[in-house]
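Notes to accompany the following structure.
The values are calculated or read from the model by the stated rules, or taken from the named source; none is laboratory data. All of these numbers come straight from a predicted model, not from anything done at the bench. Cβ placement follows ideal geometry from the backbone for every residue including glycine, while neighbour counts extend to all protein chains displayed. Heavy atoms of the whole protein, side chains included, go into the accessibility calculation; ligands, DNA and RNA do not. Shrake-Rupley method; radii C 1.70, N 1.55, O 1.52, S 1.80 Å.
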Amino acid sequence: MTPDLFIASKASEAIKAVYNTEIEPSALQVGLTRKEFEGDYTLVVFPLLRMSRTTPENTGKAIGDWLVANVPEIAGYNCVKGFLNILFSNIYWNELFAEIAADPDYGFLPSTGKNVMVEFSSPNTNKPLHLGHIRNNLLGDSVSRLLKASGNNVIKTTLVNDRGVHICKSMLAWQKVGGGATPESTGKKGDHLVGDMYVAFNDIFNKEVDDLVASGMDKEQAKKEAPCLKEAHEMLRAWEAGDKQVRDLWQTMNKWVLDGFQQTYDALGISFDKTYFESQTYLLGKSLVQEGLDKGVFVQDPDGSVWCDLTADGLDRKLLLRSDGTSVYITQDLGTAERRFAEYSLDSHVYVVGDEQNYHFQVLKLILKKLGFSWSDNIFHLSYGMVELPEGKMKSREGTVVDADDLIEKMYQEAKATSEESGKLADMSEEEKDKLFHMIGLGALKYFIIKVDPKKTMLFNPKESIDFNGNTGPFIQYTHARIRSILRKAAERGVSYSSAIPQVELSSKEIRIIKLLNIFPSKVAEAAAAFSPAVIANYAYDMAKEFNQYYHETPILKEEDASVLQARLVLIDTLSAALRRAMGILGIELPERM
């Protein structure tokens, strides 16, 4: 039972005994005592005056006296106007400590039985993953882990954008300047090779535009008339018509990219339960459009195009089918949403997509609602801000993006350099060091990105993220390694401990750690409700800080009282386990040694 519920339960008994009045514990207001007052939890007395028929101070005193006299877990109280500040006894903190330590999954919430789908990543197969994709992937993966920790059945999905004119641009450039290059012949990852072709197309396009402008054409018109752009659109039409040569090249180059993506996902520790491909889903939703026309939800213009008029809802008219009968992105999203909710019996669906798509998802939900799908209220757009570097924004077409693979390698090198400077790895094998550098580098990258509220645009600084001090992944990793080192030293000295924790007098610092451990489940619930893994990241940092303060003030292994030593070892072991679970929600591993 949580401390606030415990207080409410016992206060209910006190009110029955003192005022002979029944009151449900849930009707009582209990919260953490404000820092400026002495106490652990506070009972609000004002609502009880109608039954006590006396002053707030007298009411609080009567209830407080009963609690101290009859509840051994309560050591004392003080009244400040209408607030009864209650102090728990050492007995209570020991009981709570034992309860937390005995639960190997403490912090994780019981099953809700609900099915939640999280869609993230959703890259285009014309370029490698970059820093922006990394934020999307890390948010999507950590939100999936978070929703699972809060008791949901989670299905992780991605929708690969593997068709369209942007894909044809890379294909066309490969035909023109690729010279038959393959990942094997060039030694490049397939997604990098195809990304080079996408940049090459842009170079060809710019030259053609410049040539047309030099011949006297207006620049905007030249951009429409560039021969390579027309060829790319013609290639898309051939793809849609099932042209074998185009389809074969498309399948070959897409496989190069998808193989490259998989290597990056593996490096990041990212996986999916289901992968959708736009080439297989782009026709979905057309039947819904017809259904909407039949119901009068949509309208068809004289040119044959179909629209949903949202002006009465403060939005605009939304195109659903072009005049030639082809669908647009939102048509596909309508169809995939309907299919997914039916196929997986979803209770909710979370889309992890940048904030530039806020309007798109607002429209998607509204149209689904107009079509009569009540589950449209359970679609959530986890909108996140862009990630930038100190040197500014990135542009894919110009080849100025920060490649995900390069960034992962850079983080490895930063971790290696920083760790080797410490001089503490002399007794590690090269294999152990390599594994540690990868763990620290990825931990730094993931934590630095995830600790920022998703809605905020963020600036990523690789060097700052690898710092072993401050609010960073490596600081928390080092804290965990320090705890494990203490426990190893205890074992080397023949000191053992078990889950049967002896009742000891806990210090104020130890009680602070127990209080912090106690709020783990509520932090998971808070983070899940807000789809914000940042809540867990900063909670893990608070735990790490609390341990380090305790460590500097408490000589754990010098304690001569065997019972106190055992309790302290269990406490820090429990804290290290909580750190592993919290950081595990973020997809971050914690090392045993650093």
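Annotations for the structure displayed:
- Over segment 501-594, the hull volume per residue, using the convex hull of the C-alpha atoms, is 101 Å³.
- Estimated vicinal HN-Hα couplings, Hz - segment 213-229 in sequence order (Karplus 6.51, -1.76, 1.60; Gly, Pro = x): 5, 5, 7, x, 7, 4, 4, 5, 5, 4, 5, 7, 9, 3, x, 5, 5
- ³J(HN,Hα), Karplus 6.51/-1.76/1.60, whole Hz, each residue of segment 570-580, x for Gly, Pro: 5, 4, 6, 5, 5, 5, 5, 5, 5, 4, 5
- Over the chain, volume per residue of the alpha carbon convex hull, in Å³: 210 Å³
- Mean residue ellipticity, 222 nm, helices only, the chain: the sum of -39500 (n - 2.57) across DSSP H runs of n ≥ 4, divided by residue count and rounded to 500, is -18000 deg cm²/dmol.
- Whichever aspartates and glutamates have a C-alpha closer than 13 Å to that of K169, once near sequence neighbours (fewer than 8 apart) are set aside: D196, D203, E231, E234
- Remark: spin-label model distance A27-K223 equals 6.8 nm, labels positioned 7 Å along the Cα→Cβ axis.
- For the set K255/K456; K114/K369; K148/K446; K156/K188; K255/K435; K286/K318, the pairs lying more than 23 angstrom apart at their alpha carbons are K255/K456; K156/K188; K255/K435.
- Estimated distance in nm for a label pair at A102 and D266, the labels positioned 7 Å out from Cα along Cα-to-Cβ: 4.5 nm
- Backbone HN-Hα couplings from phi across segment 368-383 [Karplus 6.51/-1.76/1.60, Hz, Gly and Pro as x]: 4, 5, 5, 7, x, 8, 5, 6, 4, 5, 9, 9, 10, 9, 7, 8
- Using heavy atoms of the protein chains and a probe of 1.4 Å, the accessible area assigned to V71 is about 10 Å².
- In the full protein context, segment 1-94 carries 52 Å² of accessible surface per residue, based on a 1.4 Å probe and ignoring ligands, DNA and RNA.
- 5 angstrom amide H check on G76, placed H, neighbours 5+ away: L87
- Surface share of carbon and sulfur [accessible, 1.4 angstrom probe, percent] for segment 128-188: 49 percent
- Modelled spin labels at A312 and E492, positioned 7 Å past Cα toward Cβ, are 7.7 nm from each other.
- Relative contact order of the chain: 15 percent, from C-alpha pairs under 8 Å at least 6 residues apart in sequence.
- Bridgeable aspartates and glutamates around K424 (alpha carbons under 19 Å apart, same-chain partners fewer than 8 residues away excluded): E414, E432, D434, D467, E592.
- The longest part of the chain holding none of the exposed loop GluC sites (Glu not before Pro), meaning those outside H, G, I, E and B in DSSP with at most 14 other Cβ atoms within 10 Å, is 39-390.
- Set of aspartates and glutamates with alpha-carbon distance to K455 below 20 Å, sequence-local pairs under 8 removed: E119, D141, D355, E356, E388, E526
- Computed from the Cβ-Cβ distance with R0 of 56 Å, the FRET efficiency linking N115 to I91 stands at 0.85.
- Within the chain, antiparallel bridges make up roughly 50 percent of the DSSP beta bridges whose residues both belong there.
- Residue-span extension gain [E343 to L319] - 0.36 nm each, minus C-alpha spacing: 6.0 nm
- Close amide H contacts of V45 (hydrogens built in the peptide plane, cut-off under 5 Å, sequence separation of 5 or more or a different chain): F83, L84.
- Normalised contact order of segment 178-311, rounded percent, pairs of Cα under 8 Å and 6 or more residues apart: 22 percent
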